[in-house]
Amino acid sequence: MSEIIVSASDVMRTFMISAGVFRAKRPLHAVNGVTLDIRRGEVLAIVGESGCGKTTLAKLLLGLLPPSGGDIRLDGRPVMTIPRLEMAGLVQPIFQDPYSSLNPRKSVGAIITLPLVVQKDQDPSTWRRRAEEMMALVGLPPRLYNNFPNQLSGGQRQRVAIARALINRPEVVICDEPTSALDVSVQSQILNLLQDLRGELNLTYIIISHNLAVVEHMATRVAVMYLGRIVELAETDQLFKAPKHPYTMALLESVLTPDPSLGIPDTHLGAAYPNPVDPPSGCTFHPRCAQVMAHCSVQAPKRVPVEGGHVECHLFDANLGKEKAIA
Amino acid sequence: MGMIGKAGVPTASEILEPSSASLMRKRIFGHYGLMIGIGSLLVIFAIALLAPMLAPFDPLDQELSRKLIPPIWSGSAKATWVYPLGTDGLGRDYLSRLIYGSQISLLIGFSAMLISGVIGTTLGVLAGYFGGRVDMVVNFIITTRLSMPVVLVALAVVSLVGNSLWIVIWVLGLLIWDRFAVVVRSSTLQVRNLDYVAAAQAIGCSKMRIIFSEIMPNIMNNLIVVATVEMAHAIILEAALSFLGLGVQPPAPSWGLMISEGKGLMFFHPWLIGIPGAALFVLILAINLMGDGVRDVTAPENRN
Ligand SMILES: Nc1ncnc2c1ncn2[C@@H]1O[C@H](COP(=O)(O)OP(=O)(O)OP(=O)(O)O)[C@@H](O)[C@H]1O
Ligand SMILES: [Mg+2]
């Protein structure tokens with residue numbers, strides 16, 4: 001049992017995008033060198049604007065997508081060498097939209113017991129009992145066992161998805177915007193449920209969210225993503241009290257919108273989010289940065305370790321500061 | 001589920017949450033087209049199964065002394081209840097031939113549909129699920145198939161290989177799978193990007209299990225609609241081939257062959273082609289009504 005449960009180093013994922021019928025395909029670096037260590041038992045939040053690569057990173061960590069470069073380890077073992085069923089027992093996803101994450105042709109019972117069936121777990125006679133225990137744990141009445149997803153509310157569906165993810169007691173649960181498709185009144189119920197389950201089952205969470213209030217409430221650490229890279233990683237109170245990266249500051253300054261479907265609110269960043277196929281040179285944030293310096297458009301910033309994480313910005317690069325002083 | 005309270009009154013929870021089975025039942029029985037289609041198809045199926053009991057005569061039994069008796073509604077003096085649909089040019093009882101002919105049409109329809117369904121669905125699922133190179137290869141095969149005119153190829157093959165009932169079935173089955181492949185491919189593409197497929201992958205399901213238990217059940221409604229279309233298609237193609245003399249061989253009582261044999265006499269004895277033509281029309285209509293009904297009843301906007 002190592003302290004670090006998930007470890008990513010310089011992970012890349014590139015998609016080939018066709019730019020038109022007669023044009024050659026171009027690479028899109030959806031995840032472009034992510035380095036991240038996740039400690040056992042922590043709640044790591046990943047925030048960032050739409051299209052910055054959060055879902056792609058989640059899929060890489062789940063082993064659903066092979067990385068184009070870099071190394072992902074779960075419990076010290078390279079993800080791509082872990083057998084399928086063992087992987088399923090280690091890390092599980094909870095998706096955003098419970099209307100598309102449950103097979104409409106299967107009953108609640110069939111959905112929740114499927115992981116046991118696939119794992120050929122123990123004795124089939126215990127499956128139903130274990131599914132019902134899990135349903136009780138996530139707050140689903142047992143009478144729903146034979147119902148179909150179209151007979152459930154959004155919140156109930158999300159509980160089914162949570163039960164399915166947790167029935168094999170995974171170590172890590174990756175929640176990709178677990179509440180943004182739900183009614184506001186149901187969101188906090190689901191978040192509280194996730195909180196409770198973490199204590200009960202010793203889970204490690206990776207929570208992707210657009211909602212900074214949720215992040216502040218749930219997370220122990222926060223990773224801020226911009227154009228496929230983690231530009232700042234810090235303890236939650238550190239990040240909210242004293243953000244380092246100018247992008248993080250802009251995110252925090254933006255007014256929180258209560259409607260999560262609006263996504264990350266207007267960041268007052270002026271220039272639009274860049275086309276990820278054509279990222280800006282140097283530091284990819286420089287066209288929108290309030291504290292841009294001359295070399296920002298030339299040189300990509302290094303990863304500077306800070307307490308509890310890192311920051312990627314020339315403002316904190318001691319060496320560069322010195323070079324500048326010499327020059 | 002679907003249980004009715006003691007007094008025959010649905011319980012409150014049933015009204016609030018009608019089970020999907022009972023909703024489905026209501027939708028199926030409320031759809032007249034579907035009911036008429038299934039009903040007529042069942043009748044034709046029963047006729048085919050019970051042909052030996054229903055047919056008053058042997059369909060192959062010739063008796064020139066009683067040839068070309070008109071059907072009873074013609075008002076002719078020769079018409080008789082012994083031969084309610086009359087007799088053909090060789091004196092065979094038309095009703096018996098019609099009854100036995102349903103066996104041939106249904107056999108060809110079902111078998112050719114099954115063969116083409118297996119081929120087309122396999123290709124379509126592979127292309128849609130695996131994408132990339134597999135998709136390219138399958139698309140090439142589909143385009144190749146689409147570039148061949150079905151009737152011409154069928155005629156050529158049948159005239160080369162000879163024509164028995166089973167040769168006709170195989171030739172048709174091997175030719176009409178393209179619509180299955182195209183429809184299944186695009187439905188698979190849609191379903192495979194849904195989160196429940198990703199969830200199944202994350203649970204550790206094998207590709208086989210994902211295809212058979214997550215994807216197939218969710219494209220089944222499209223598959224059934226195509227199956228009915230192709231079944232009707234095969235029956236019509238058989239009739240066309242038989243009409244051209246390259247389908248089922250005489251003296252078998254195929255409806256297409258009956259039309260073909262009647263065409264020489266159609267000006268003076270129009271019922272010879274009218275009766276098998278009407279039978280063919282009813283069968284195709286029933287199959288199509290059923291296909292449309294299945295599509296309506298299982299349409300996604302009806303599901304939530
Ligand atoms: N399968 C794919 N093929 C091609 N491009 C993709 C694919 N998946 C993602 N992308 C691209 O990669 C980039 C990152 O996508 P991703 O879904 O990871 O963003 P995200 O941060 O999850 O956004 P959101 O907040 O909107 O969910 C986007 O520009 C997207 O268009
Ligand atoms: Mg996303």
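Data overview
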quantity: Qualifying positions in the stretch A:4-38 - away from ligand 1 (no atom under 16 Å from the Cβ) and out of contact with any strand residue (DSSP E or B) (no Cβ under 6 Å at 6 or more places or on another chain); calculated: A:21, A:22
quantity: Cross-chain or 6+ apart pairs with Cβ under 7 Å, the stretch B:209-220 first and at the interface with another protein chain (Cβ under 10 Å from one of its Cβ atoms) and free of Cβ contacts under 8 Å to residues at least 60 places away in the same chain, then in a helix (DSSP H, G or I) and open to solvent by less than 20 Å² (accessible area, probe 1.4 Å); calculated: B:214/B:196; B:214/B:197; B:214/B:200; B:218/B:191
quantity: Filtered residues of the stretch A:119-141 (kept if within 12 Å of chain B (Cβ to nearest Cβ) and modelled with pLDDT of 90 or more); calculated: A:141
quantity: Complete set of residues in the stretch A:53-105 that are of a type in the set (Val, Ile, Thr) and more than 16 Å from ligand 1 (Cβ to nearest atom); calculated: A:79, A:81, A:82, A:91
quantity: Every residue from the stretch A:158-177 that is within 11 Å of another protein chain (Cβ to nearest Cβ) and open to solvent by 10 Å² or more (accessible area, probe 1.4 Å); calculated: A:164, A:168, A:176
quantity: Within the stretch A:81-118, tally of residues that are among the polar types (S, T, N, Q) and within 7 Å of chain B (Cβ to nearest Cβ); calculated: 4
quantity: Residues of the stretch B:147-190 that turn out to be of a type outside the set (Asp, Glu), more than 30 Å from residue B:250 (Cα to Cα) and in a helix (DSSP H, G or I), as a count; calculated: 12
quantity: Unmet criterion (only one of (1) at pLDDT 90 or above; (2) open to solvent by 40 Å² or more (accessible area, probe 1.4 Å); (3) more than 14 Å from ligand 2 (Cβ to nearest atom)) for residue A:14; calculated: (2)
quantity: Hey, residue B:53 open to solvent by 20 Å² or more (accessible area, probe 1.4 Å) and modelled with pLDDT of 85 or more or not; calculated: yes
quantity: Options A:65, A:60: the member that is within 19 Å of the chain's Cα centre (by Cα), in a helix (DSSP H, G or I), more than 7 Å from every other protein chain (Cβ to nearest Cβ) and aliphatic (A, V, I, L, M); calculated: A:60
quantity: Pairs where the first residue, in the stretch B:15-35, is away from chain A (no Cβ under 11 Å) and on the phi > 0 side of the Ramachandran plot and the second is in a loop (DSSP other than H, G, I, E, B) and at pLDDT 65 or above, C-beta under 8 Å, 6+ apart; calculated: none
quantity: The stretch A:1-19 residues that are within 14 Å of residue A:171 (Cα to Cα), paired with ones that are modelled with pLDDT under 90 and within 16 Å of ligand 2 (Cβ to nearest atom) (beta carbon under 6 Å, 6 or more apart); calculated: none
quantity: Residues within the stretch B:191-201 that are more than 19 Å from residue A:119 (Cβ to Cβ), at the interface with chain A (Cβ under 7 Å from one of its Cβ atoms) and outside any loop (DSSP other than H, G, I, E, B), tallied; calculated: 1
quantity: Conditions (1) in a loop (DSSP other than H, G, I, E, B); (2) touching an Asp or Glu at 6+ places or on another chain (Cβ under 9 Å); number of the one not met by residue A:26; calculated: (1)
quantity: Among residues of the stretch B:83-114, those that are within 30 Å of residue B:146 (Cα to Cα) and surrounded by 21 or more Cβ atoms within 10 Å (Cβ to Cβ), counted; calculated: 7
quantity: Unmet requirement for residue A:61, which otherwise passes all of (1) away from ligand 2 (no atom under 16 Å from the Cβ); (2) crowded, with 21+ Cβ neighbours inside 10 Å; calculated: (1)
quantity: Given (1) away from chain B (no Cβ under 14 Å); (2) within 11 Å of ligand 1 (Cβ to nearest atom); (3) assigned to a strand (DSSP E or B), number of the condition residue A:50 does not satisfy; calculated: (3)
quantity: Filter pass, residue A:116 being in contact with a helix residue (DSSP H, G or I) (Cβ under 8 Å, 6 or more places away or on another chain), within 16 Å of ligand 2 (Cβ to nearest atom) and not acidic (Asp, Glu); calculated: no
quantity: Qualifying residues in the stretch B:153-202 (those that are surrounded by fewer than 22 Cβ atoms within 10 Å (Cβ to Cβ) and of a type in the set (Phe, Trp, Tyr)) - the one nearest to residue B:131 (Cα to Cα); calculated: B:170
quantity: Residue check for residue A:28: surrounded by 21 or more Cβ atoms within 10 Å (Cβ to Cβ), at negative phi and either aromatic (Phe, Trp, Tyr) or touching a Pro at 6+ places or on another chain (Cβ under 7 Å) (or both); calculated: no
quantity: Elements of type helices (runs of 4 or more DSSP H) in the stretch A:138-232, at least 3 residues being out of contact with any helix residue (DSSP H, G or I) (no Cβ under 8 Å at 6 or more places or on another chain); calculated: A:184-201
quantity: Failed item in (1) open to solvent by less than 10 Å² (accessible area, probe 1.4 Å); (2) part of a loop (DSSP other than H, G, I, E, B); (3) more than 16 Å from ligand 2 (Cβ to nearest atom); (4) of a type in the set (Gly, Ala, Ser), with residue A:109 passing the rest; calculated: (2)
quantity: Test: residue in the stretch A:274-283 that is out of contact with any helix residue (DSSP H, G or I) (no Cβ under 9 Å at 6 or more places or on another chain), modelled with pLDDT under 85, among the β-branched types (Val, Ile, Thr) and outside any helix (DSSP H, G or I); calculated: yes
quantity: Any hit, the stretch B:162-175, residues being among the polar types (S, T, N, Q) and closer than 30 Å to residue B:50 by Cβ; calculated: yes
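The values are calculated or read from the model by the stated rules, or taken from the named source; none is laboratory data. The shown structure was predicted, so the numbers you read here are calculated from the model rather than taken from an experiment. Here the Cβ is made from the backbone with ideal geometry for all residues, glycine too, and neighbour counts use every protein chain on show. Surface areas here come from the heavy atoms of the whole protein model, side chains and all, with no ligands, DNA or RNA. Shrake-Rupley method; radii C 1.70, N 1.55, O 1.52, S 1.80 Å.
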